Amino acid sequence: MGDACKFALHAVDGRWFSVFASFLIMAGAGATYLFGTYSKDIKATLGYDQTTLNLLGFFKDLGANVGVLSGLLAEVTPTWFVLVVGSAMNFVGYFMIWMSVTQRIAKPAVWQMCLYICIGANSQNFANTGALVTCVKNFPESRGVMLGMLKGFVGLSGAIFTQFYLAIYGTDSKSLILLIGWLPAALSVIFAYTVRERKPERQPNELKVFYQFLIVSIILALFLMAVNIVEKVVDFSKAAYAGSATVVCVMLFIPLIIAIKEDWIQWNLKHQEGMKPATEATAEKKLDITPEVKSEISKEQEEKVQKSCFLTICNKPPRGEDYTILQALLSIDMLILFAATFCGLGASLTAVDNLGQIGESLGYPTKTIKSFVSLVSIWNFFGRVFAGFVSESLLVRYKMPRPLMMTFVLLLACVGYLLIAFPFSGSVYVASVITGFSFGAQLPLLFAIISELFGLKYYSTLFNCGQLASPLGSYILNVKVTGLLYDNEAVKELAKKGLDRSAVKELVCIGVQCFRLPFIVLSAVTFFGALISLILVMRTRKFYSSDIYKKFREIHGVK
């Protein structure tokens, strides 16, 4: 029993259990992608037009992508504190939205609803910063794979939440808001202390373990897709939804078995072969660091600390080394990434946020519209794991620059937007798949590129700064373009009936013309983003042709 307790403590404190805990936290961190499911309730209950609803969607995107606060907080506080703060914000934000939609409180002003959803969505950054950044630092040589897996679970969260809310609350989509208020908050609190930075250890079968995680997650995604298809032809009872939700829960905990198995193997090796964690002296010996060299390195580090960060802005290190925050933010590479993200993620967020209204305008029933949202969520997952695993494989084997895959992903997104602009029978299903896949693939690529070009020292802040362009793009493309053009078409329909805006509470547009022009614009903007990303490909091709992980192998004492 003593050995069992010791192993249990060892496992909970290990890197692999931290990965499992991060999977669950990230699986609860994708509530923002369900906006298309419950936005109809907000619009109908509070009497919003499409422009106002899209303004609400912008503040959701603003909160979800402005993670500078969580990044800076992670630089000075432990990971558990970051997760707990995010948990509190998640509950407060979405609980107030639920109270408003169910009319348990007086109708809030538009600015209050924008504040509520911004706070709730911003909690996603605290989960990202706490779990994602920690895991990347724990597994630096598998960062692309790790990013793909973690962001993949975020992508699946929409479909996972759909199964849970149908099992717990039935078809009341207002209760979905309550679910995404308390469940992610509970996950972050439960696993807060188990997710923290450990000393990286080189493990020969590390990639094999990640592929085991990948297989489990793919099976989960396929199951969710199968349930989604069956739901369209069969009316599920509450018991059937409870059964499917139970299967989802079981699959979510299978990675725990894999994590425990790996920790058990490491536990036995250390006991049988007398292996212990490398001490500082052992590490120095492996790296042939003499006391004189160590003294010189320390002196250089002290000199760097003494220099003001403002004085080193123009004195940037080579790509791949640790940039300061200002050096990275003011570099040309980051500005190019910012522009590509503005176009790519800005358009993707616009498409996802309007999916419910797209289905409505084309005459699809509510049940089918919810299946579109689930399809986006599931293929969002496939896009993320594909981008993580495939880009990592192409980088290691063929030295393919990761920004090049970003270019291909943006070109694919253009196809999805054109299918919505020029719809035909069943085209929205295909568009949902393409949009979800391309949207999902962009984030792991963006985060991996930032970690590779600018180092890991200030990664908590830099990766949050890197996605600041997406809410800006969402505001312009969603509120100022899509929302206004949609409302103009809706007003034209009212005028044909001899009515004006004051005659109806909810402004609705029906027909293929409602989203045609907006999505032509989205396609053009995304194509421009693909061209911009090609500039980064040309600038970084020499860097990616080198061995970018060499220094991490040297740290582990492996040449």
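Quick notes on this structure:
- For the chain, the longest principal axis of the alpha carbon atoms and the long axis of helix 332-353 meet at an angle near 40°.
- Euclidean distance between Cα centres, the stretch 424-454 to the stretch 342-396, Å: 7
- Net charge in the neighbourhood of Leu176 (other residues with Cβ under 11 Å of its Cβ; Lys, Arg +1, Asp, Glu -1) is 0.
- Cut-off 11 Å between beta-carbons: net charge of the residues surrounding Arg143, Lys and Arg +1, Asp and Glu -1: -1
- Across all Cα pairs in the stretch 11-266, the calculated P(r) in 10 Å bins from zero up to the longest distance comes to 7, 30, 33, 22, 7, 1 percent per bin.
- Extension gain, Thr77 back to Glu493 (0.36 nm per residue minus Cα-Cα distance, nm): 144.3 nm
- Accessible area per residue for the stretch 393-545 is 39 Å², calculated with a 1.4 Å probe on protein heavy atoms, without ligands, DNA or RNA.
- Pairwise centroid distance, computed over Cα atoms, of the stretch 521-537 with the stretch 58-115, Å: 31
- Average projected area [Cα convex hull, the stretch 394-498], square nanometres: 9.2
- Label-point gap, in nm, between Arg104 and Ala240 - each point 7 angstrom along Cα→Cβ: 3.1
- Apolar share of the accessible surface for the chain: 68 percent from carbon plus sulfur atoms, 1.4 Å probe.
- Accessible surface, the stretch 11-266, averaged per residue in Å² (probe 1.4 Å): 34
- Normalised by 2.2 N^0.38 Å, where N is the number of residues, the alpha-carbon radius of gyration of the stretch 319-558 equals 1.15.
- Cβ-Cβ FRET estimate between Val512 and Val233, R0 fixed at 30 Å, reported to 0.05: 0.70
- Sorting the segments 374-384, 18-28 by their residues' average number of neighbouring beta-carbon atoms within 10 angstrom, most packed first, yields 374-384, 18-28.
- In degrees, nearest ten, helix 50-65 long axis to first principal axis of the chain (Cα): 10
- Among the trypsin sites (Lys or Arg not before Pro) in the stretch 418-512, those placed in a DSSP loop whose Cβ has at most 16 other Cβ atoms within 10 Å are Lys457, Lys497, Lys505.
- Ranked from largest to smallest solvent-accessible area, with a 1.4 Å probe on the protein heavy atoms, Phe210, Phe253, Phe191 come out as Phe253, Phe191, Phe210.
- For the residue pairs Lys174/Lys492; Lys43/Lys497; Lys151/Lys370; Lys261/Lys457; Lys60/Lys199; Lys60/Lys238, alpha carbon separations beyond 28 Å are given by Lys174/Lys492; Lys261/Lys457; Lys60/Lys199; Lys60/Lys238.
- Two-site FRET efficiency, Phe424 against Ile520, from Cβ-Cβ distance with R₀ of 22 Å, rounded to 0.05: 0.90
- Three semi-axes describe the equivalent ellipsoid of the chain; taken as square roots of 5 times the Cα gyration tensor eigenvalues and ordered largest first, they are 41, 27, 21 Å.
- Highest mean packing first, where packing is the average number of other Cβ atoms within 10 Å per residue, the peptides 447-456, 518-527, 255-264 line up as 447-456, 518-527, 255-264.
- Square roots of five times the Cα gyration tensor eigenvalues for the stretch 336-389, Å: 25, 16, 5
- Each 10 Å bin from zero holds the following percent of Cα-Cα pairs in the stretch 428-477: 22, 40, 28, 8, 0.
- Cα Rg over Rh - the stretch 20-147, Kirkwood: 1.04
- Rounded tilt (10° steps) of 143-169 against the dominant C-alpha axis of the chain: 40
The values are calculated or read from the model by the stated rules, or taken from the named source; none is laboratory data. Computed from a predicted structure; not experimentally measured. Quick reminder, even Gly has a Cβ in these numbers, built from the backbone with ideal geometry, and neighbours come from all protein chains shown. Calculation scope for accessible area: heavy atoms of the full protein, side chains included, ligands and nucleic acids excluded. Shrake-Rupley method; radii C 1.70, N 1.55, O 1.52, S 1.80 Å.
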